[in-house]
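Below you'll find the structure, written out as structure tokens, and then a few comments.
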Amino acid sequence: MKLMTYQYDGRTRIGVVVEGAVVDVTAVAPDMISLIELGGGGLAQARQLAVAAANPIPLAEVKLLAPIPVPRRNVMCLGWNYAEHAAESAATKGLSIKELPQFPIIFTKATTSVTGPYDDIPFDAAVSTHIDWEAEMAVIIGQPGKNIPRAQAMRHVFGYTVLNDLSARDLQRNHKQFFKGKSLDGHCPIGPWIVTADELPNPHHLPISCRVNGQIKQESNTAHMIFNIPEIIAQLSRGMTLLPGDIIATGTPSGVGFARTPPQYLQPGDVVACEVAGIGRIRNQIG
Ligand code: MG
């Protein structure tokens, strides 16, 4: 199923996408995190409503929000999880990658950075002029867990979505740690929906891309992640409980703006589109 959060008739609802329309399943749970917490039973009820397809509303008539518009804690992110991106990033510092890392780089984005799949991205030149794109597949956690073994990890995945880990490179550089430069308001568009895990039995072979004004900037495949999803979940959950609705961005492939010669950054009016085949596409205008 494709599950989305949307506004219609002045209310925020959750729904199932059925052939270009949305079927309201807010009767099952008031919001996406509550639906995720219901587990398989909640999904079964949502599926029943979707099959009955009562009063579907065309997607064009609703406003899509991020599937989880207000996460209960920060979005967790992997840095340098594609070898070619690790190499291009290291090269900007005159370094080369000699061997693959043993542990993933992990940072977070503030909950207030989350925005809808088609929303405009705030731009304030007094804050940052070095806004960069990062197309990523994100994993949504379902069943909570701590010290999850790799072999059990996929049982904790509720589904998948698309995320643009927009990054203010000047702030990232000035403040040393990633948090500030990754957390500007509205700089984490997510969506357009969550594809449930049962619909995507192998998330490790999906084409992933980013286009700016229609021009391809990133083009890779989730097969090239250094740490795959079971490894990510095993490492993140070591001594730290993962909760239903946690969002984990799995890293971006090569082709980001700051590593280009000369560097390229997003300008007001630019349109940035991130797509993961089999999940969907988000599209946001800057400014
Ligand atoms: Mg990233």
Which ³J(HN,Hα) values in Hz, rounded to whole numbers, follow from the phi angles of the stretch 106-122 under the Karplus curve 6.51 cos²θ - 1.76 cosθ + 1.60, where θ = phi - 60° and Gly and Pro get x? 10, 9, 9, 10, 4, 4, 6, 7, 5, 9, x, x, 10, 6, 6, 9, x
Using per-residue counts of other Cβ atoms within 10 Å, averaged over each peptide, order 247-259, 93-105, 269-281 from highest down. 247-259, 269-281, 93-105
Per-residue ³J(HN,Hα) for the stretch 126-143, Karplus 6.51 cos²θ - 1.76 cosθ + 1.60, θ = phi - 60°, Hz, x for Gly and Pro: 6, 9, 7, 10, 10, 7, 10, 9, 8, 5, 9, 8, 10, 9, 9, 7, x, 5
Quick one: which of 178-188, 5-15 comes out on top by average Cβ neighbours within 10 Å, and what's the full order, highest first? 178-188, 5-15
Within the set 2/63; 109/176; 63/180, which residue pairs have Cα atoms separated by over 21 Å? 63/180
Quickly work out the residue 60-to-residue 177 label distance, labels modelled 7 Å from Cα along the C-beta direction, and quote it in nm with one decimal. 4.7
Kirkwood-Stokes translational diffusion coefficient of the chain, alpha-carbon pairs, 4 °C, 1.567 mPa s, µm²/s: 68
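Please report the net charge: other residues with Cβ closer than 15 Å to the Cβ of residue 163, K and R +1, D and E -1.
-3
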Please list, ordered by chain and number, the residues whose modelled amide H lies under 5 Å from the amide H of residue 252; skip anything fewer than 5 residues away on the same chain. 80, 81, 82
Applying a 10 Å radius around every beta-carbon, put 108-119, 50-61, 18-29 in order of their mean neighbour count, most first. 108-119, 18-29, 50-61
If you take every residue apart from residue 221 with its C-beta less than 15 Å away from the C-beta of residue 221, what net charge results, scoring Lys and Arg +1 and Asp and Glu -1? -4
With x for Gly and Pro, the residue-by-residue ³J(HN,Hα) of the stretch 95-101, computed from phi through the Karplus equation 6.51 cos²θ - 1.76 cosθ + 1.60 at θ = phi - 60° and given in whole Hz, is 10, 10, 8, 8, 8, 5, x
In nm, spacing of pseudo-spin labels at residue 219 and residue 240 (7 Å Cα→C-beta vector): 3.6
Subtracting the Cα-Cα distance from 0.36 nm times the residue separation, let me have the gained length for residue 285 to residue 106 in nm, one decimal. 61.7 nm
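Within the stretch 189-269, list the trypsin sites (Lys or Arg not before Pro) lying in a DSSP loop whose Cβ has at most 15 other Cβ atoms in a 10 Å radius.
238, 260
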Measuring from its Cα centre, the stretch 90-220 shows a charge dipole (+1 at each Lys and Arg Cβ, -1 at each Asp and Glu Cβ) which, in debye to the nearest 20, is 600
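We did not get these values from a lab; they are worked out from the coordinates using the rules stated. All values reported here derive from a predicted model rather than from experimental measurement. Using ideal geometry, Cβ is built from the backbone for each residue, glycine included, and neighbour counts are taken over all protein chains shown.
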